[in-house]
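Since every read-out is calculated from the coordinates, none of them should be taken as a lab result. None of the values given here were measured: they were computed from a predicted structure. A quick note on method: Cβ atoms are made from the backbone with ideal geometry, for glycine too, and the neighbour counts reach across all protein chains shown.
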Amino acid sequence: MEAPHFVEVLGIMVPVHLKNYGPEDYTFGEWDSCELSITLNPTIPPEHQKVTLLHELIHGVDDMLDLGLSHKTVYCLSQAMLTIIRHNPGLVKWVEDPTQAKPVRESAVEPESPRPSEKSDCQQ
């Protein structure tokens, strides 16, 4: 299965272009904030393409919402999201199912979950 040609991000259809980078260039993907597009290197392994696309999508959200995320945070979020998607197929099916859609309560506050006691490279 090939990468999608477009991904909707915050109501904007973001094109995903493929570009063969040179052998000396270690670019896996790029977010273009002027064109609101993503370029993905098709010569990298498919598993790397998937996490790279998630990574660039997070850069896009960061850019569109002016969040100011560090590159380390974007990296960690892309790794985490791929793992969540992979390990929870029921969650993905539930999110995709429009019949399961319920209005979001603005006043709802999620309880804080305990954080792991060990710090990883992704925690700042």
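The modelled label-to-label distance between TYR26 and LEU65, using points 7 Å beyond Cα along the C-beta direction, is 3.0 nm.
Here the simple spin-label model places points 7 Å from the Cα toward Cβ, and for ASN88 and GLU47 these points are separated by 2.2 nm.
Extending 7 Å from Cα along the Cβ direction at ILE12 and again at ALA80 yields two label points whose distance is 2.4 nm.
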